[in-house]
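The values are calculated or read from the model by the stated rules, or taken from the named source; none is laboratory data. All figures in this text were calculated on a predicted structure; none of them were measured in a lab. No Cβ is skipped: glycine too gets one built from the backbone with ideal geometry, and neighbour counts run over all protein chains shown.
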Amino acid sequence: MKIGIADTTFARVDMAKFAIETIKKNSDAKIARYTVPGFKDLAVACKKLVEEDKCDIVVAFGMAGKMPIDRQCAHEASLGLQQAQLMANTHILEVFVHMDEAKTEKEIYSIAKNRAERHALNALALLKGKTELTKYAGMGRRQGKNDDGPIKIK
Amino acid sequence: MKIGIADTTFARVDMAKFAIETIKKNSDAKIARYTVPGFKDLAVACKKLVEEDKCDIVVAFGMAGKMPIDRQCAHEASLGLQQAQLMANTHILEVFVHMDEAKTEKEIYSIAKNRAERHALNALALLKGKTELTKYAGMGRRQGKNDDGPIKIK
Amino acid sequence: MKIGIADTTFARVDMAKFAIETIKKNSDAKIARYTVPGFKDLAVACKKLVEEDKCDIVVAFGMAGKMPIDRQCAHEASLGLQQAQLMANTHILEVFVHMDEAKTEKEIYSIAKNRAERHALNALALLKGKTELTKYAGMGRRQGKNDDGPIKIK
Amino acid sequence: MKIGIADTTFARVDMAKFAIETIKKNSDAKIARYTVPGFKDLAVACKKLVEEDKCDIVVAFGMAGKMPIDRQCAHEASLGLQQAQLMANTHILEVFVHMDEAKTEKEIYSIAKNRAERHALNALALLKGKTELTKYAGMGRRQGKNDDGPIKIK
Amino acid sequence: MKIGIADTTFARVDMAKFAIETIKKNSDAKIARYTVPGFKDLAVACKKLVEEDKCDIVVAFGMAGKMPIDRQCAHEASLGLQQAQLMANTHILEVFVHMDEAKTEKEIYSIAKNRAERHALNALALLKGKTELTKYAGMGRRQGKNDDGPIKIK
């Protein structure tokens, strides 16, 4: 199994590092990394990781600034990743952090680390098969913060 | 006939369970399930259910949070499903619930259950042929809440 | 010539009926109908009408609710139709009515009927050739309400 | 050389006429015209002008109303044109006028005429080669109003 | 190695010139240039630079006006570039400047120049391989303004 890791120089946290550590600790999957300038460069990078490096799944890391235009750019990057997945017939887990998700840089760092690690585990689970995550279906799992958990009806 | 069921660990209600129960009660269709982390992972999962598992139709379940960014993410997931349908030449019924559709978790649960069950029936109807639902054309049918019904002109 | 008619059970007016009556009154074109749950199911339905039923043109009928999320959903459905047209190399006339286009249900009904009938005539015109409508180019024609007409410069 | 001209009956100015006059005055290019109901019908029309009529470039004319929904529709039409260009591997110059670009109909008419004529010249330039317009690169050229010109740094 | 440079006559700064100077100073890569009217014409131009001129990477320069409609147009152009990259399987670095990024034309000029030069260097780096930029991953690099740098956690 081979996992692609695509990330950016724009991001302010090296999320890929956390993901790679998590993957190495929990599997013997091979890793191919591709670093691009910004998240709008991720879609084609991920497609290349699948097609040129024969990755079985890709995790894509990006970070968005605080301005309205940053949200629009994240939207464009995300739509590119949707299309890349369909063209490459392969999962690309989008791991984006928005700088306005928290008030302090410390919190952003913590969200980024946690989200990267949990999505690395999601990638490993998806590689095991289509129903590996079914035991958690509808369980309100989150990445980057605590799980919301399932809605409980008395 | 084979029906694909794609769902997420992000959702806070196990909608797929309700759909599967409805399908089993009303047909002898086979079912293939695929659980992914979030709704942006659904498009390629649905395409794989069609191409790898030979599903004749897919129902995709997702849940969106309450923040503006959640709405944007739902939009991206939904556009992915539009494209996946066209690429796979197969219906993918989008069954999304937005956490701001109701004020209490109990209501959300109830909307999610009803929407899942009714769209499971829609999937069964679509499998019967292009005009199976024509008797309800323009009848204001809803999933997740009561039908609005057709506009009546005196 | 064969005209595809795709419509939904979500809509509150049976627009397809008006279109079919108009087509029958004005041509001997064959008609293939496909009824789906909602307008996000239209794109692949229209593509199937072209590819499976050999329709030469398709008219797609949908109705959007009043909430902001409904507008977003209409946007997704519309982008699906854009893509479907390009993939099928065939016109798909989008006939959408928004519930906030008028204040009373009676007006909505009237808009829906008029828009359906006029777009049925547009479909017949497009089947005749690329310049059939050229005599009306820039004439401010509308469907669902009165024509705005061309801008007149004294 | 052959230039495709796609336009609509929705527009309130016959922009194509101005473009055709400009093309005839400045070249001996052949012209193929295709008139459709609205601008959401342009993308596939332009693709057909390339594929069926062997046009080397297409100019697409549309006009958007003043309401928010009109802006969304223009967005959908424009994204269709982006995709059509990539699928047809051919330039499609988008010549859209928004009814809220000016306060009087007279001004709209004047913008529409000027924009149509200037984009007709752009089409002729693009047909000459990839660097035909390079002498104007970064020069702040506009269509429909006066050029902004390049930023001058003292 | 060959680098495509796509730019517009709409922009008010000749960004391509700065990029070309930077490329020539730092490499012996060949350059192919393509100038189009506006940024919505860039996607197909970039695809042609890859397919017809055999460019290994493309840098696309555009400038957006200050109005809301300009932002929407930038969004459309950007989505076209996302798709073009995936279809051409080649990086297209999007170098867009928004006229509302700064208050004075002098600042805009300075942002445009810096962004063009830095992205030219990014293009050269990407040509060297997938991990050439990995040493800067998560380092908060910017183009057009000072780097934000990585988040530092004590």
Members of the stretch C:1-17 found to be in contact with a Lys or Arg (Cβ under 8 Å, 6 or more places away or on another chain), assigned to a loop (DSSP other than H, G, I, E, B) and surrounded by 19 or more Cβ atoms within 10 Å (Cβ to Cβ), listed by number: C:9, C:10, C:13
Matching entry among C:135, C:106 (being of a type in the set (Lys, Arg), more than 14 Å from chain D (Cβ to nearest Cβ) and in a helix (DSSP H, G or I)): C:106
Exclusive hit being within 21 Å of residue A:22 (Cα to Cα) and either at the interface with chain B (Cβ under 9 Å from one of its Cβ atoms) or part of a loop (DSSP other than H, G, I, E, B) (or both), set A:112, A:116, A:125, A:120: A:125
Unique match (being crowded, with 24+ Cβ neighbours inside 10 Å and either in contact (Cβ under 8 Å) with a residue 12 or more places away in the chain or touching a His at 6+ places or on another chain (Cβ under 8 Å) (or both)) among D:111, D:92: D:92
Residue match in the stretch E:84-102 (condition: in contact with a Cys (Cβ under 6 Å, 6 or more places away or on another chain) and at pLDDT 95 or above): yes
Qualifying positions in the stretch E:82-102 - in a helix (DSSP H, G or I) and either on the phi > 0 side of the Ramachandran plot or at the interface with chain D (Cβ under 8 Å from one of its Cβ atoms) (or both): E:83, E:84, E:87
Hey, residue A:27 over 15 Å from the mean Cα position of the chain (by Cα) and hydroxyl-bearing (Ser, Thr, Tyr) or not: yes
Unmet requirement for residue B:154, which otherwise passes all of (1) modelled with pLDDT under 95; (2) closer than 18 Å to residue B:18 by Cβ: (2)
Positions within the stretch D:42-64 being acidic (Asp, Glu) and touching a residue at least 24 places away in the same chain (Cβ under 8 Å), in sequence order: D:51, D:53, D:56
Whichever residue in the stretch D:119-154 is within 18 Å of residue D:33 (Cα to Cα) and within 11 Å of the chain's Cα centre (by Cα) and, among such residues, is surrounded by the fewest Cβ atoms within 10 Å (Cβ to Cβ): D:121
Residue that is farthest from the chain's Cα centre (by Cα), among those in the stretch C:50-69 that are among the β-branched types (Val, Ile, Thr) and at pLDDT 95 or above: C:50
Where a residue in the stretch D:137-154 is at positive phi and its partner, wherever it lies, is charged (D, E, K, R) and surrounded by fewer than 16 Cβ atoms within 10 Å (Cβ to Cβ), with Cβ under 8 Å and at least six apart: D:140/D:147
Residue in the stretch B:35-43 that is within 14 Å of the chain's Cα centre (by Cα) and under 19 Å from residue B:101 (Cα atoms) present: yes
Extreme residue, nearest to residue E:145 (Cα to Cα), among residues of the stretch A:18-35 that are assigned to a strand (DSSP E or B) and more than 7 Å from every other protein chain (Cβ to nearest Cβ): A:32
Candidate set from the stretch C:36-47 (those that are within 7 Å of chain B (Cβ to nearest Cβ) and assigned to a helix (DSSP H, G or I)); member that is nearest to residue C:72 (Cα to Cα): C:40
Cβ pairs under 6 Å, 6+ apart, first in the stretch B:1-17 and more than 10 Å from every other protein chain (Cβ to nearest Cβ), second assigned to a helix (DSSP H, G or I) and surrounded by 24 or more Cβ atoms within 10 Å (Cβ to Cβ): B:3/B:123
Test: residue in the stretch A:107-114 that is under 17 Å from residue B:36 (Cα atoms) and at pLDDT 95 or above: no
Within the stretch A:48-81, tally of residues that are at the interface with chain E (Cβ under 9 Å from one of its Cβ atoms), out of contact with any helix residue (DSSP H, G or I) (no Cβ under 7 Å at 6 or more places or on another chain), assigned to a helix (DSSP H, G or I) and surrounded by fewer than 21 Cβ atoms within 10 Å (Cβ to Cβ): 2
